[in-house]
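Right, one structure below, let's go through it.
The values are calculated or read from the model by the stated rules, or taken from the named source; none is laboratory data. Please read all numbers here as calculations on a predicted model, not as lab measurements. Every residue, glycine as well, gets a Cβ built from its backbone with ideal geometry; the counts of neighbours run over all protein chains shown. To get the accessible areas, we keep the full protein, side chains included, count just its heavy atoms, and leave off ligands, DNA and RNA. Shrake-Rupley method; radii C 1.70, N 1.55, O 1.52, S 1.80 Å.
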Amino acid sequence: MEKPYAESCDQNRGPILAVIKPLLENCSSVLEVGSGTGQHAIYFGEQMPHLQWHTSDRQQNHEGINMWLDEAALDNVHRPIELDVQRSEWPTLEIDAIFSTNTTHIMHWPDVEAFFAGAGKLLPSGGILLIYGPFSFSGVHTSDSNAKFNEWLWARDPLSGVRDFDDLNRLAIEAGLEFRHDYEMPVNNRILFWQKR
């Protein structure tokens, strides 16, 4: 197998780091849900060596993640945990934060519900949830390109789609999370920040 590579990870990692680094300054352990290729884990693990970074994804993505981990050989970035948010048992980790990029618009809605419920159970009081990606607000897309992207997602998989902040925040509240901030990011993406009550 050839090591997987996503150009978007290299393009968005700097702006993401600028937002999450100060938010994770007092954290010691992070679970990344949906680590994908593993590129973000390596970059953020290098840039924030005080963090123990736990990767996770569905089993089919583990080989690619491990290729990146083997090459980087970082002591603070850990082997992927098998996690399918709706079907897997969530890991019993002591973490301060959960981080996820470009996942909620790929997940089917029951998976999104399971993701928030699982995050709410795993995070300790004061724990942080950070989600990066495209979102709509009160049913309105933030750009024409996001609206077109949503149409493309629906055509590919009618159960996927750009998620609305109000729907996500309702799930967060049910999971015991309080909304803290919405960070505007390049290319019509955002970082949404919740904290466990």
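Couple of notes before you dig in:
- Percent accessible area from carbon and sulfur atoms, the chain, protein chains only, probe 1.4 Å: 49
- Where a label projected 7 Å from the Cα of residue 187 along Cα→Cβ would reach, residues of region 91-121 with amide N under 12 Å: 102
- For region 93-197, GluC sites (Glu not before Pro) meeting the loop criterion (DSSP other than H, G, I, E, B) and having at most 12 other Cβ atoms within 10 Å: 94.
- When only the Cβ of Lys, Arg, Asp and Glu is charged (+1, +1, -1, -1), the dipole of region 93-153 relative to its Cα centre reaches about 40 debye.
- For region 1-94, the set of trypsin sites (Lys or Arg not before Pro) satisfying both a DSSP loop assignment and a count of at most 10 other C-beta atoms within 10 Å is given as 87.
- In this simple spin-label approximation, residue 3 and residue 164 carry label points 7 Å from Cα along the Cα→Cβ vector, and these lie 4.3 nm apart.
- Options 125, 91, 60, ranked by Cα towards positive dipole end of the chain, top entry (Cβ charges): 125
- Residue 152-residue 88 FRET efficiency (beta carbon distance; Förster radius 30 Å; 0.05 resolution): 0.60
- Convex hull volume of the Cα atoms of the chain, normalised per residue: 114 Å³.
- Checking every one of the GluC sites (Glu not before Pro) in region 28-89 against DSSP loop status and a limit of 12 other Cβ atoms within 10 Å picks out 89.
- With both labels modelled 7 Å from their Cα along Cα-to-Cβ, the residue 25 to residue 72 distance reads 2.3 nm.
- About the centre of its Cα atoms, the chain shows a dipole size close to 320 debye [charges on the beta carbon of Lys, Arg (+1) and Asp, Glu (-1) only; nearest 20 debye].
- Entry comment: accessible area of region 1-99 is 50 Å² per residue, from protein heavy atoms only and a probe of 1.4 Å.
- Evaluated at q = 0.11, 0.23, 0.27 Å⁻¹, the base-10 log of the normalised Debye intensity for region 100-184, with identical point scatterers placed on the Cα atoms, takes the values -0.30, -1.19, -1.50.
- Full extension of the chain between residue 197 and residue 137 gives 19.3 nm of extra length, using 0.36 nm per residue less the Cα-Cα distance.
- Counting only residues at least eight positions apart within a chain, or on another chain, the lysines with an alpha carbon under 28 Å from that of residue 3 are 21.
- Between 85, 140, 33, the GNM of the chain built on Cα springs shorter than 10 angstrom shows 140 fluctuating the most.
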